[in-house]
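What follows is a short report on a single structure.
What follows draws every value from the coordinates through simple rules; no lab data is involved. None of these values were measured; they are calculated from a predicted model. Here the Cβ is made from the backbone with ideal geometry for all residues, glycine too, and neighbour counts use every protein chain on show.
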DNA sequence: TTGCCCCTGTGATTGGCGTCACCAGAGGTG
DNA sequence: CACCTCTGGTGACGCCAATCACAGGGGCAA
């Protein structure tokens, strides 16, 4: 199998490493085998679009490698990024299950591989393997939860600085679950960060300046270091 | 059966009028009967709290009569109303399915009746009647969709007037799906409207004034009349 | 090397909306 | 009837973030 965009290709769901931890994990051998048969694999370059908000859903994408951003836009061109997806995530599940158009667009942020399962195949699969349907329901309700997190952030958090601090903290806990100065690669542009917290590019730039001055964070090249987590938590507030 | 708060009591899911149109409708006779056995009925006054955000879920509530508002609050006391529920809606489903705390609080806005199904009973019921699990998944994905509507409103809509116009239009289409001057009872306080669109009471008050002056709407007592729907649609915008 | 384009930093300006303050009316209760 | 609480209307003020504008820098290709 050729490897475009410098990627290694995973071609068997039964042995895929991410398989253990996610939606379609620990299935019966039968089910897993069936799943392996109805999926098809493709590799996408950076910037590739998996699907666009408003389209009728063709199927779901199981992200194997790479990262994708999910976003929704208004007709005036304002965009918000609602989620950054990583390997193991299932994209487009809600649209397929509810027979409605995709509610977001999905775009690859770095090259990666995704398995595709068509709408029909998936629904048939869920009928055949009823055990999995409840798992899907659980996944949907988890998605719903993260959507509510988003609602709380957008609706209850007034100031950009608070949202920014919140975002930094979420990155921080993901990078260094323990404690201490978390350190991570910053792959997003200011523009993208602005689309996550719902503000403008300029404001994000100013927030970085201000937080640097206040010793809350530090930038070494593209490496972001969280210097004062408690202070950030205080900004996020009670 | 006594009828507190001036309500008629519905005591049999098998013959309940709302049953036909909603989540647990058109079940097999067996399933419906089983459902009828595991539910318990209660009647609530205006202002009663069905559950509070953050609580471990005890079960789901099937709203038979009355209206309820779902809301989430920050610790500083800011509140947003995320949904107004009506007869037939199922409250608390996500929390039960995902084994997580309630993501919202539910409060009765007018007296009403609700059937309660405990977490354990519901999960067992879904295992016993696998057909229903997929229906639950569909319901969850519908909930997810409305959550996304909310995200789009909060994140992409900048001005209060735009959100206000959006809200008026949604009421309008519900009250008079056809066309023409929709007319409806306004049961919410300005404060509550503010919590829906994420602004302050004063701003809502000013919006009413302004929209009245611009002939977009009219108030006769507590009756709201939409006078110029196209103009509202223009505010909501492309 | 020289462009060019995208990303970043930062100043100046401005206007919208949150906040505070106060009053008026409605409805319920003793 | 008087009182009180809840709701609605409106003015004044001030802040903060969106907007506009422009300059500097880094990466990439020709």
Top of B:195, B:149, B:76 by mean-square fluctuation, Gaussian network on chain B, Cα under 10 Å: B:76
Gyration tensor over alpha-carbon atoms, the protein assembly as shown, equivalent ellipsoid semi-axes in Å: 37, 32, 22
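In whole percent, what relative contact order does chain A give with Cα contacts below 8 Å and a gap of six or more residues?
18
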Estimated Rh, segment A:72-117: Kirkwood, alpha-carbon pairs, angstrom: 12.3
Segment A:47-133, Rg to Rh (Cα coordinates; Rh as Kirkwood inverse mean 1/r): 0.99
Number of partner chain Cβ atoms within 10 Å, mean per residue of A:74-84: 3
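Starting from the exponent 0.38 and prefactor 2.2 Å, build the expected Rg for chain B from its residue count and divide its actual Cα Rg by it.
Details: Rg = 19.4 Å, N = 238, 2.2 N^0.38 = 17.6 Å.
Against the compact-globule rule of thumb, the ratio is 1.10.
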Across the identical copies, how the residue B:171 labels are spaced - nm, sorted shortest first, 7 Å along Cα→Cβ: 4.2
With Cα atoms, 0 to 90° folded angle of helix A:201-213 axis to chain A main axis: 60
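For segment A:160-236, what's the relative contact order in percent, using C-alpha pairs closer than 8 Å and at least 6 residues apart?
Values: 88 pairs, mean separation 30.9, N = 77.
Worked out over segment A:160-236, it gives 40 percent.
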20 Å cut-off, amide nitrogen to a point 7 angstrom out along residue A:173 Cα→Cβ, residues in segment B:93-128: B:95, B:98-105
Reciprocal of mean inverse Cα separation for segment A:166-238 (Kirkwood radius, Å): 12.5
With Cα atoms, 0 to 90° folded angle of helix B:130-156 axis to chain B main axis: 20
Amide N proximity, segment A:199-238 versus residue A:185 label position 7 Å along Cα-to-Cβ, cut-off under 15 Å: A:220-225
Most mobile of A:194, A:31, A:68 in a GNM of chain A (Cα contacts under 10 Å): A:31
Cβ-vector label at 7 Å, residue B:101, separations to other copies in nm: 3.7
Other copies of residue B:234: label-to-label distances in nm, shortest first, labels 7 Å along the beta-carbon direction: 5.1
Acute angle (nearest 10 degrees) that the helix A:119-128 long axis makes with the longest principal axis of chain A, alpha-carbon atoms: 70
Length-normalised contact order of segment B:81-206 in % [C-alpha pairs under 8 Å, at least 6 apart]: 21
